[in-house]
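These notes concern the structure reproduced below.
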Amino acid sequence: MTVRTSPARAGAPATGPAPGAVWTGLGDVPSDWPGCAVTMGVFDGFHRGHTALVRRVRERAAEHGLPSVLLTFDPHPLTVTRPDRAPRQLTSLEERVRLAHGLGVDAVLVLPFTTALAAVPADEFADRVLAAGLGARAVVVGENFRFGRGGEGDTVLLGRRGRRLGFTVDAVPLVARGGHTCSSTLIRSRLAAGDLRAVEELLGRPW
């Protein structure tokens, strides 16, 4: 799946990306990039929990006077690591990008999820992608976020790397509605049951 890339304008100030910027790899990050606050995940469905991450990353970006970035992966990691368990996709990559920008994110970084990326250790991912690639000053993730080879990285490891690399970590509590945690898995189950009212309550918008 492809997304049209919007690189930084020639002569654009180093205070942020061009409006609606979409990067399809770290090589698209402008050379004069000032650093950022970043939130990361698959964001499939872009439900209320994801919206909470975007709100927090925009707050952190404003505190630092830096742009906000949403880092997402395509395709879904399970299609590479466990194709037999790969879930039905709720939102296309294009839709995720549109929703992210609609919520005020300055730039979206789409990392192609490959077998090579799946093999990267969590600490190396933090070093290479978050610190060196994006110049992260603040990282925002859900409290149950896992990353790196085999899902070995969690918010504790991320916080430890952040203290060494110069970024803070916000582990945002999961969002619940009707006594249930908002998740892409729950949305899929409600869709399968034909319960669109529950789906829209979890999403916070029309399906």
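The values are calculated or read from the model by the stated rules, or taken from the named source; none is laboratory data. Predicted, not measured: the structure shown is a model, and the values here were computed from it. For neighbour counting, all protein chains shown are included, and Cβ atoms are generated from backbone atoms with ideal geometry for every residue, glycine included. The area values use the complete protein model at the heavy-atom level, side chains included, leaving out ligands, DNA and RNA. Shrake-Rupley method; radii C 1.70, N 1.55, O 1.52, S 1.80 Å.
Would you pull out the residues with amide H under 5 Å of residue 71's amide H, same chain only if 5 or more places away, H placed 1.01 Å from N?
39, 40, 41, 109
Carbon and sulfur atoms: what percent of the 1.4 Å accessible area of segment 118-207 do they account for?
With neighbouring chains kept in place, the figure for segment 118-207 is 49 percent.
How would segment 76-134 be classified by its alpha-carbon gyration tensor: rounded, prolate or oblate, with rounded meaning a/c under 1.5 and the a/b versus b/c comparison settling the rest?
Judged from the Cα gyration tensor, segment 76-134 comes out oblate (a/c at least 1.5, b/c at or above a/b).
Within 10 Å, count the other beta carbons around each residue, average over each peptide in 176-184, 192-200, 89-97, 102-110, and list them highest first.
Highest mean packing first, the order is 102-110, 89-97, 176-184, 192-200.
At a Förster radius of 25 Å, what calculated FRET efficiency corresponds to the Cβ-Cβ distance of residue 124 and residue 31, to the nearest 0.05?
0.65
Principal axes first, then extents: for the Cα atoms of the chain, list largest minus smallest coordinate on each axis, whole Å, largest first.
If we take the Cα atoms of the chain, the spans are 51, 33, 31 Å.
Using a probe radius of 1.4 Å on heavy atoms only, what accessible surface per residue do you get for the chain? Whole Å² is fine.
Ligands and nucleic acids excluded, the figure is 48 Å² per residue.
To the nearest 0.05, what FRET efficiency results for residue 156 and residue 193 with a Förster distance of 25 Å applied to their C-beta separation?
0.10
Amide H to amide H, which residues 5 or more places from residue 177 or on other chains are under 5 Å from it, using H placed in the peptide plane?
Hits under the 5 Å cutoff: 182.
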